[in-house]
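A.B. asks: My structure is below; once you've seen it, I'll send some questions.
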Amino acid sequence: MSQYPVVTLYAQKAEAVKRFHPWIFSGAIQRKENTVTENALVQVQDEKGQFLAVGYYSIGSIAVRIVSFKPIESIDQLWLDKIQSAYNLRKSIGLVDNKETNVYRLFNAEGDGVPGLIIDYYNGTCVLQAHSMFVHKNRFIITEALQKVLGSSLKAVYDKSEAVLERKEKSTVAAQYILGEKSTNEVMEHGNKFLVDWETGQKTGFFIDQRENRKLLAQYSKGRKVLNTFSYTGGFSVYAAQAGATLVHSVDSSVKAIELAVQNVQLNNIPEGIHEAAAEDVFDFMKRSPNNFYDVIVLDPPAFAKNQHSRHQAVQAYRRINKAAFDKVKPGGFVFTFSCSQAVGPELFDGAVAAAAIESGRNIRVIDHLNQPADHPQSIYHPEGLYLKGLVLSVE
Ligand code: SAH
């Protein structure tokens with residue numbers, strides 16, 4: 001008797017699971033026991049009845065998301081092992097008890113072995129986003145595991161799943177503290193201070209995935225004029241100003257994000273007059289801004305493609321925004337350009353940027369390729385986990 005209701009795959013579909021791909025599409029399923037229920041664990045077997053994996057079942061094109069490629073002892077132990085090994089990785093890369101940085105991604109979904117679970121650590125508070133009801137139902141066990149693993153460095157857990165669950169599910173889920181209460185929301189990243197509004201801000205409150213790219217921008221900023229488009233709460237802006245930029249412009253359509261960007265610049269004691277912020281559409285701002293004025297332009301738009309179907313439109317949007325930057329930037333200047341759309345892979349993104357470069361008629365060279373940082377690991381068997389891509393371009 002298996003521990004969980006059984007899902008049996010077609011003969012030729014077991015191979016992907018054996019190669020550790022974490023998703024099973026509904027078309028791969030030959031039969032399932034009638035005790036299989038949505039948002040609960042199932043045992044996945046090949047057509048000969050051999051164990052393949054344990055995962056949770058959903059109705060949809062991805063039917064099973066795998067949480068273990070080995071039989072599991074108990075659900076409590078599974079969560080403890082997953083959280084412990086995610087924490088160990090962050091510790092071994094120097095992000096835990098780090099004097100300069102107390103904000104990092106503690107758990108990165110498939111990259112840490114559980115599709116649908118994101119946990120970001122903000123100086124004592126973990127913000128949890130469950131992208132599936134299975135994970136959400138386990139939030140208290142996950143919190144217990146976090147307490148065991150993080151000990152006294154965990155003060156609170158805020159459940160922000162309501163923002164990301166499917167519409168039919170979110171009505172039963174409220175964003176709230178499930179451990180502790182609101183405490184400090186000031187964090188430090190490479191010695192720079194930021195206020196993070198995880199309760200009402202975007203995603204879990206801060207775009208931690210740009211940490212190393214922001215640090216790289218600092219190297220390009222001294223004595224230069226920097227335009228930070230899609231700035232959100234001023235992540236790149238603070239680094240540029242700290243590094244000695246003569247002028248930094250932050251542009252974002254969110255008034256709240258811009259207000260926080262202004263506060264974040266003040267928090268870092270940047271001299272008056274260096275930073276200016278505009279709550280405006282980036283495309284409009286670019287149209288009215290002068291040519292040959294900025295030495296460095298950062299383009300970090302939201303995910304233009306939310307899924308495979310909107311890929312074409314997304315590519316056009318990337319082309320347009322990059323063309324606008326190439327038209328504006330000073331000769332000898334730099335453009336940091338990013339895409340965080342999972343549906344737009346690196347080749348497609350590079351192609352969109354190349355198309356914009358051709359249109360601009362300028363001599364443009366790639367001088368660096370950027371990605372998400374080490375606390376956003378992706379399973380090598382799940383290339384879809386690589387979502388953040390960036391290029392540093394020199395523009396003549
Ligand atoms: N670079 C930021 C993260 C950017 S997230 C950081 O390091 O923190 C993308 C941002 O784009 C969001 O803040 C969103 O409000 C903003 N945005 C989306 N569409 C926009 C538009 N058309 N014009 C200006 N800002 C936009």
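The values are calculated or read from the model by the stated rules, or taken from the named source; none is laboratory data. Here the structure is a predicted model, which is why all the values come from computation and not from measurement. Cβ: placed from backbone, ideal geometry, glycine included. Neighbour counts: every protein chain shown. Surface areas here come from the heavy atoms of the whole protein model, side chains and all, with no ligands, DNA or RNA. Shrake-Rupley method; radii C 1.70, N 1.55, O 1.52, S 1.80 Å.
A.B. asks: Just for strands (runs of 3 or more DSSP E) wholly inside the range 1-51: which have at least 3 residues that are open to solvent by less than 80 Å² (accessible area, probe 1.4 Å)?
C.D. replies: The strands (runs of 3 or more DSSP E) meeting that bar are 6-9, 41-45.
A.B. asks: Moving to a separate point now. Here's a check for you: in the range 188-214, which residue that is of a type in the set (A, V, I, L, M) and within 12 Å of the ligand (Cβ to nearest atom) is farthest from Leu391 (Cα to Cα)?
C.D. replies: Among those residues, the one meeting the criterion is Val196.
A.B. asks: Among the residues of the range 320-333, which ones are open to solvent by less than 30 Å² (accessible area, probe 1.4 Å) and within 16 Å of the ligand (Cβ to nearest atom)?
C.D. replies: Scanning the range 320-333 gives Ile321, Asn322, Ala324, Ala325, Lys328.
A.B. asks: To continue, here is another question. Pick from Ile72, Ile59: which is open to solvent by 80 Å² or more (accessible area, probe 1.4 Å), of a type in the set (A, V, I, L, M) and out of contact with any Cys (no Cβ under 9 Å at 6 or more places or on another chain)?
C.D. replies: Answer to the check: Ile59.
A.B. asks: Oh, and also: With respect to Asn264, is the statement that it is over 20 Å from Leu195 (Cβ atoms) and either open to solvent by less than 20 Å² (accessible area, probe 1.4 Å) or in the same structural domain as Leu217 (by TED's automatic domain parsing) (or both) true?
C.D. replies: For Asn264, the condition - over 20 Å from Leu195 (Cβ atoms) and either open to solvent by less than 20 Å² (accessible area, probe 1.4 Å) or in the same structural domain as Leu217 (by TED's automatic domain parsing) (or both) - is not met.
A.B. asks: Could you list, ordered by first residue, the pairs with Cβ atoms under 8 Å in which the first is in the range 287-313 and of a type in the set (A, V, I, L, M) and the second is surrounded by fewer than 16 Cβ atoms within 10 Å (Cβ to Cβ), at least 6 apart or interchain?
C.D. replies: These pairs meet every condition: Ala305/Gln313.
A.B. asks: When the range 86-95 is examined, which residues are found to be open to solvent by 20 Å² or more (accessible area, probe 1.4 Å) and either in contact with a strand residue (DSSP E or B) (Cβ under 7 Å, 6 or more places away or on another chain) or not basic (Lys, Arg) (or both)?
C.D. replies: Tyr87, Asn88, Leu89, Ser92, Ile93, Gly94, listed by residue number.
A.B. asks: Here are some residues: Val44, Val64, Val36. Which one is within 26 Å of the chain's Cα centre (by Cα) and within 10 Å of Val7 (Cα to Cα)?
C.D. replies: After ruling out the rest, the residue left standing is Val64.
A.B. asks: Consider only pairs whose beta carbons are under 7 Å apart and that are at least six residues apart or on different chains; among these, list those whose first residue lies in the range 75-96 and is closer than 24 Å to Asn39 by Cα and whose second residue is surrounded by 13 or more Cβ atoms within 10 Å (Cβ to Cβ) and among the acidic types (Asp, Glu).
C.D. replies: Qualifying pairs under 7 Å: Lys82/Asp112; Ala86/Asp112.
A.B. asks: Output yes when any residue across the range 347-361 is among the hydrophobic types (A, V, I, L, M, F, W, C), at pLDDT below 95, open to solvent by less than 10 Å² (accessible area, probe 1.4 Å) and not assigned by TED's automatic domain parsing to the domain that holds Val17, and no when none is.
C.D. replies: So far as the range 347-361 goes, no, none of its residues is among the hydrophobic types (A, V, I, L, M, F, W, C), at pLDDT below 95, open to solvent by less than 10 Å² (accessible area, probe 1.4 Å) and not assigned by TED's automatic domain parsing to the domain that holds Val17.
A.B. asks: Which pairs turn up if I take residues in the range 18-33 that are on the phi > 0 side of the Ramachandran plot and look for partners that are hydroxyl-bearing (Ser, Thr, Tyr) and open to solvent by 80 Å² or more (accessible area, probe 1.4 Å) with beta carbon separation below 6 Å, at least 6 apart in sequence or on another chain?
C.D. replies: Every condition considered, the pairs that remain are Phe20/Tyr381.
A.B. asks: With the requirement that a residue be touching a strand residue (DSSP E or B) at 6+ places or on another chain (Cβ under 6 Å) and open to solvent by less than 10 Å² (accessible area, probe 1.4 Å), what does the range 337-346 give you?
C.D. replies: Passing the criteria: Thr337, Phe338, Ser339.
A.B. asks: Identify, please: which residue in the range 221-230 is outside any loop (DSSP other than H, G, I, E, B), over 19 Å from Val196 (Cβ atoms) and open to solvent by less than 40 Å² (accessible area, probe 1.4 Å) and is, among those, nearest to the ligand (Cβ to nearest atom)?
C.D. replies: Thr229
A.B. asks: Here's something else I'd like to know. Looking at (1) within 14 Å of the ligand (Cβ to nearest atom); (2) open to solvent by 30 Å² or more (accessible area, probe 1.4 Å); (3) not hydroxyl-bearing (Ser, Thr, Tyr), which is the only condition Ala218 fails?
C.D. replies: Here Ala218 meets the rest and fails (2).
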